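Chemist: Sharing a structure with you now.
The values are calculated or read from the model by the stated rules, or taken from the named source; none is laboratory data. Computed from a predicted model, the values in this text were never measured in an experiment. Cβ coordinates were reconstructed from backbone atoms using ideal geometry, including for glycine residues, and neighbour counts include every protein chain displayed. The protein model used for the area step is the full one, side chains on, heavy atoms only, and it has no ligands, DNA or RNA in it. Shrake-Rupley method; radii C 1.70, N 1.55, O 1.52, S 1.80 Å.
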Amino acid sequence: MTADRARIIRLGVAFALLIAAVYVFGWYIPQFYEQGTTYLWAEALYIGVAAMGLNLLTGYNGQVSIGHGAFFGLGMYTTAILMQSHDWSFTETLPVVAALSFGVGVLVGFPALRVKGLYLALVTLGLAVLFPQLTNRFVPHDLCKTCGTSQVGELRRVKLLPPSWTPTFIKHPDQWAYYATLTIAVIGIVALFLIVRSRFGRALIAVRDHEAAAETVGINVARVKVIAFATSALYAGVAGSCFVLVKRLATASSVSVFQLSIEFLVAVVIGGTATVVGPLVGGIIVVFSGRWISESFPSTILFWHINDSVKNLLSPAIFGIGLILLMYVLPDGIVGGGRRIVNSRLRSLRRGKTSPAST
């Protein structure tokens, strides 16, 4: 057995054990904690799914996007409208969302070929700013008479209950949201793992590292970039569908779309760019650290009461300072930095074993 195959088997076993633990974890959350905790975990998972797609584009292909909140919103509104107006189930909307998001990603990816770097970031930022205006214009107003023109009202509870084909231990809407999002996250991780280790994945990295050299060896740079953009948009769109299942509505504004785009990018950076599980780890940290900072810190640390207005001002600053410190200590992110430290330690151990004994 080769070292690479043994390493893949060990990673597969560890991943299977982790997923089994997370599945079992969903059984007990509604019984011992408030149901909001289950929804919080589901939120962390769909943020991680969107970050996986952005990581494929930015980490593996080198294209910077800060407008993926628009693709997220596209999936969100598609699922919400199909469920609200056409009585589709959540699972029935997913193929439509995936195909539509991929198609729009192709349409956006072709113009993006002409720009790169900061200019591409500005183009995608314009997409994030434009999306709420499109929802105001084209989303039917009668879907929500009391929540504004850019929202789809809260879905009827019957559509959020677990389908009849789900296992019997999934009884509540929060459990259904958790397990559905978890399943999508697992599929996303496996798909990303297969992509980055395929010929296309090697082409992605080659284009990121040196476009001219990649084109010299026969790689179609334009096709690789467009497919990467479209696949990344697919991930973000499916994550937007999960948002509907968790939050039970669809809403978009210039601030929220831009904030989501930044959250995806932060999750990628925290978890580690060009890593398979890093974005998911980053999504969990972004959601739970944000929740802890906004609700508990700094009152529990500084031992005095701080009113909500001051806390709302301090929370983003505290999160930003923590992010800066993390990047200073682990510039490769948690997964990337941890992998680098482990590999360095293993090399040191090998050198110690192979060095000649001192005389």
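Chemist: Does Ile187 satisfy being out of contact with any Phe, Trp or Tyr (no Cβ under 9 Å at 6 or more places or on another chain), under 30 Å from Thr38 (Cβ atoms) and not polar (S, T, N, Q)? Steps first, answer last, please.
Modeler: Details: out of contact with any Phe, Trp or Tyr (no Cβ under 9 Å at 6 or more places or on another chain): yes; under 30 Å from Thr38 (Cβ atoms): yes; not polar (S, T, N, Q): yes.
Yes, satisfied.
Chemist: Then there's this: Quick check, is Leu57 at pLDDT 90 or above and within 22 Å of Val269 (Cα to Cα)?
Modeler: Details: at pLDDT 90 or above: yes; within 22 Å of Val269 (Cα to Cα): yes.
Yes.
Chemist: Taking the criterion of being among the aromatic types (Phe, Trp, Tyr) and modelled with pLDDT under 80, would at least one residue in the range 31-44 satisfy it?
Modeler: Scanning the range 31-44 turns up at least one residue that is among the aromatic types (Phe, Trp, Tyr) and modelled with pLDDT under 80.
Chemist: Restricting the range 88-117 to residues that are more than 17 Å from Ala239 (Cβ to Cβ) and without any contact (Cβ under 8 Å) to a residue 24 or more places away in the chain, which is farthest from the chain's Cα centre (by Cα)?
Modeler: Filtering the range 88-117 for residues that are more than 17 Å from Ala239 (Cβ to Cβ) and without any contact (Cβ under 8 Å) to a residue 24 or more places away in the chain, the one farthest from the chain's Cα centre (by Cα) comes out as Arg114.
Chemist: Here's something else I'd like to know. Just need a number here: residues in the range 93-131 that are under 17 Å from Glu211 (Cα atoms), surrounded by 14 or more Cβ atoms within 10 Å (Cβ to Cβ), out of contact with any Lys or Arg (no Cβ under 8 Å at 6 or more places or on another chain) and not hydrophobic (A, V, I, L, M, F, W, C).
Modeler: Residues meeting the conditions: 1.
Chemist: Looking only at the range 261-298, which residues are of a type in the set (D, E, K, R) and touching a residue at least 24 places away in the same chain (Cβ under 8 Å)?
Modeler: If the condition is that a residue be of a type in the set (D, E, K, R) and touching a residue at least 24 places away in the same chain (Cβ under 8 Å), then Glu263, Arg291 are the ones that fit.
Chemist: Criterion first (modelled with pLDDT of 80 or more, hydroxyl-bearing (Ser, Thr, Tyr) and outside any helix (DSSP H, G or I)) does Thr166 satisfy it?
Modeler: Taking the combined requirement at face value, the residue satisfies it.
Chemist: Exactly one of these conditions fails for Ala50: (1) free of Cβ contacts under 8 Å to residues at least 40 places away in the same chain; (2) open to solvent by less than 40 Å² (accessible area, probe 1.4 Å). Give me its number.
Modeler: Condition not satisfied by Ala50: (1).
Chemist: Further question: Against the definition (at pLDDT 90 or above, of a type in the set (Asp, Glu) and more than 21 Å from Ser65 (Cα to Cα)), how does Glu215 come out, yes or no?
Modeler: Criteria met by Glu215.
Chemist: Exactly one of these conditions fails for Leu56: (1) assigned to a helix (DSSP H, G or I); (2) open to solvent by 10 Å² or more (accessible area, probe 1.4 Å); (3) over 21 Å from Tyr178 (Cα atoms); (4) touching a Phe, Trp or Tyr at 6+ places or on another chain (Cβ under 9 Å). Give me its number.
Modeler: Answer for Leu56: the failing condition is (2).
Chemist: Does at least one position in the range 331-348 carry a residue that is surrounded by fewer than 15 Cβ atoms within 10 Å (Cβ to Cβ), modelled with pLDDT of 80 or more and among the hydrophobic types (A, V, I, L, M, F, W, C)?
Modeler: Scanning the range 331-348, I find at least one residue that is surrounded by fewer than 15 Cβ atoms within 10 Å (Cβ to Cβ), modelled with pLDDT of 80 or more and among the hydrophobic types (A, V, I, L, M, F, W, C), so the answer is yes.
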